[in-house]
Ligand code: SER
């Protein structure tokens with residue numbers, strides 16, 4: 001019997017033999033497609049080629065792609081574990097033609113691999129085509145020996161494949177396999193309806209692009225995109241009707257049995273199946289850079305973990321154990337996907353921390369849930385507010401509550417849940433509402449022209465003309481200039497403060513922001529008129545508060561140095577998760593799963609201070625994005641950059657894309673000191689640090705505190721000594737009394 005590993009390799013070798021180029025799986029958490037939270041098909045990484053935006057480096061490709069289908073258009077979550085052939089994470093085997101071969105070859109080769117190479121029973125195989133695709137139907141008869149009754153037509157839902165709401169798409173032809181026990185029961189009506197007819201392979205003939213307005217446009221060329229489910233093919237070839245019985249899953253199921261002491265049975269082992277499925281999704285998401293969080297991709301990871309944890313409770317697991325299952329996942333998958341071994345320790349740490357954190361509210365939540373539903377009869381609906389309470393107070397994702405409800409034949413009022421969520425958000429937004437109301441205050445034009453030129457890298461003072469302004473409330477105003485030295489808040493660096501002035505006019509700038517003014521992006525100065533009238537001004541002098549700006553520059557360059565030092569010391573998994581650069585201090589959030597120990601903190605300080613002492617020049621260059629990335633510049637995950645980027649370089653040590661203001665020489669930083677390290681969220685640490693004079697103040701305060709403490713301790717010791725003396729005197733006295741009392 002062939003192993004899953006061998007079957008994966010068979011597929012790749014078969015298409016390599018037909019001049020296909022092997023392409024590695026792309027990450028499950030795509031970095032460059034905002035329309036996708038997770039990679040949901042093998043074709044995702046080729047999307048730009050299909051759309052004609054990129055030229056294909058080869059005409060044919062083959063790969064096995066890690067896919068996750070738990071969000072968006074392709075979402076199989078409800079089926080997972082309940083049936084035995086849908087997964088949150090699965091491997092999709094695929095072959096591609098980029099404007100090269102088309103339907104005939106795609107059909108012929110799929111058939112050849114399934115029936116000749118793998119020897120599947122031709123009588124059990126069915127082909128479906130799109131209702132109007134007579135060409136594909138004819139080709140099935142012409143280029144294969146499939147029985148004519150086994151070619152069926154279906155509509156858009158089953159045979160027109162789309163990756164998401166927009167993007168490349170086209171008619172498809174699917175290959176299904178009947179794995180029921182009795183061939184005499186096999187019939188066409190089973191396809192696309194019954195679980196013993198499994199879709200094994202989908203051949204998509206990519207020829208259209210779905211636009212945002214819903215229209216379909218023709219692509220410049222026709223392509224082939226196929227996807228075969230490895231787990232299902234392995235099940236069929238190994239003679240199983242359940243994917244969980246294949247060697248891709250049995251080691252994981254066995255580890256679950258061993259850790260829980262609960263044996264698995266194929267017909268009642270939902271918890272085992274869910275756990276075996278979910279751990280693969282979790283391990284690969286984390287290996288590819290997703291982290292549990294409260295939004296988007298991170299929340300999907302968190303949801304899956306929480307779902308798994310609750311199934312763990314059902315088979316008696318009260319302590320974190322899911323993280324341990326990564327051991328069997330690494331055993332099964334490590335060879336094909338080495339990232340799972342490379343990131344092994346990190347993945348375990350993240351999972352364990354998440355499991356422990358949720359474990360604390362899970363039991364209480366389950367209790368609250370059972371009270372909520374205790375009076376409900378089968379078919380009833382759990383109130384949206386209740387589901388929201390479980391979400392808000394006990395961290396139960398909506399789909400977890402829905403899953404529990406489904407198990408008891410209950411529904412959940414989803415609209416009510418959404419309403420409760422909206423209400424809470426509105427309450428939270430109440431405070432920020434003033435900001436939104438500002439939108440309605442119109443801008444006055446003082447002198448015509450749009451756009452603001454930023455000259456603040458070179459100087460902190462310049463002559464300028466007021467272009468637009470508006471009065472928010474009495475003296476509180478906003479204004480924009482034609483040119484300005486004021487840095488507008490961006491990239492974590494706060495906006496500049498300072499003054500804008502003329503004879504008899506003084507405007508105190510309290511903050512500077514990038515804003516849309518009448519639809520144009522502009523640098524806006526916010527603050528208060530201290531002297532004179534804004535309406536009368538045109539020519540002014542704009543002057544940034546030099547001291548504050550200088551302190552900010554120190555902190556910004558120090559942030560870059562620390563970022564590089566963290567990566568150097570802790571490893572490549574460290575990514576910036578947030579940053580604030582102010583005059584007073586810098587704050588930096590990073591992905592890391594442990595407390596950063598005192599030794600490590602001082603090591604980081606040493607590395608940074610060494611770079612400060614070297615007094616290296618800090619160079620800034622404008623270059624093309626690709627050039628910058630090739631030169632090794634750290635770009636921030638998820639940020640969008642234009643074609644031209646600014647690279648800030650501390651030669652030989654740090655290189656980042658950054659628009660902020662920096663010192664000229666690292667020596668300007670003076671000194672660097674980390675003042676706090678804490679946990680911000682599971683997997684995210686927060687560091688605060690100071691530079692320059694603030695380091696001296698920090699030590700001054702420390703010395704003052706220690707001196708005061710010392711004095712206090714001295715007084716306390718004196719007092720204690722006094723007490724001790726008195727006490728020993730008293731006890732000697734008591735002892736004598738006692739002896740006298742006992743005397744006969
Ligand atoms: N993109 C198609 C699918 O996901 C075929 O690869 O089914």
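Quick rundown of the values:
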| item | result |
| --- | --- |
| q = 0.16, 0.17, 0.25 Å⁻¹, the stretch 469-522: log10 I(q)/I(0) [Debye, one scatterer per Cα] | -0.52, -0.59, -1.20 |
| Values of log10 I(q)/I(0), in the order q = 0.21 Å⁻¹, for the stretch 537-600 under a Debye, Cα-only, solvent-free model | -0.88 |
| Rounded tilt (10° steps) of 693-742 against the dominant C-alpha axis of the chain | 80 |
| Solution diffusion estimate, µm²/s, Stokes-Einstein, the stretch 7-124, Kirkwood Rh from C-alpha pairs, 37 °C, viscosity 0.692 mPa s | 209 |
| Prolate/oblate/rounded call for the chain, Cα gyration tensor, a/c under 1.5 rounded | oblate |
| Prolate/oblate/rounded label for the stretch 508-650 (Cα gyration tensor, a/c 1.5) | prolate |
| Amide N proximity, the stretch 183-197 versus residue 123 label position 7 Å along Cα-to-Cβ, cut-off under 16 Å | 183-188 |
| Whether the stretch 218-361 is rounded, prolate or oblate, judged on the alpha carbon gyration tensor where a/c under 1.5 counts as rounded | oblate |
| Cα-based equivalent ellipsoid, the stretch 303-431: semi-axes from gyration tensor eigenvalues, Å | 32, 19, 13 |
| Distance between the stretch 246-318 and the stretch 8-81 - C-alpha centres, whole angstrom | 24 |
| Fewest-first ranking of 462, 67, using other Cβ atoms within 10 Å as the exposure measure | 462, 67 |
| By average C-beta atoms within 10 angstrom, highest first, the peptides 698-705, 86-93, 494-501 | 86-93, 494-501, 698-705 |
| Per-peptide average of other Cβ atoms within 10 Å, ordering 402-412, 665-675 highest first | 665-675, 402-412 |
| Cα-based helix-to-principal-axis angle, 384-394 vs the chain, degrees rounded to 10 | 60 |
| Distance between modelled label sites at residue 367 and residue 241, nm, 7 Å Cα→Cβ extension | 4.3 |
| Mean separation of Cα contacts under 8 Å (6+ apart) over length of the chain, as relative contact order % | 7 |
| Between helix 546-570 and the chain: long-axis angle, C-alpha atoms, 0 to 90°, nearest 10 | 40 |
| Largest to smallest principal axis extent of the C-alpha atoms in the stretch 596-744, angstrom | 104, 34, 20 |
| Expected 222 nm ellipticity per residue - DSSP helices of 4 or more, -39500 (n - 2.57), all of the chain, to 500 | -12000 deg cm²/dmol |
| Rounded to 5, percent antiparallel among DSSP beta bridges of the chain | 90 |
| Separation of alpha-carbon centers, the stretch 492-521 and the stretch 380-401, rounded to whole Å | 45 |
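Quick note: the coordinates plus some simple rules give every number you see, no bench work behind them. Keep in mind that this is a model prediction, so the values were computed, not measured. So basically every Cβ, Gly included, is an ideal-geometry build from the backbone, and we count neighbours across all protein chains shown.
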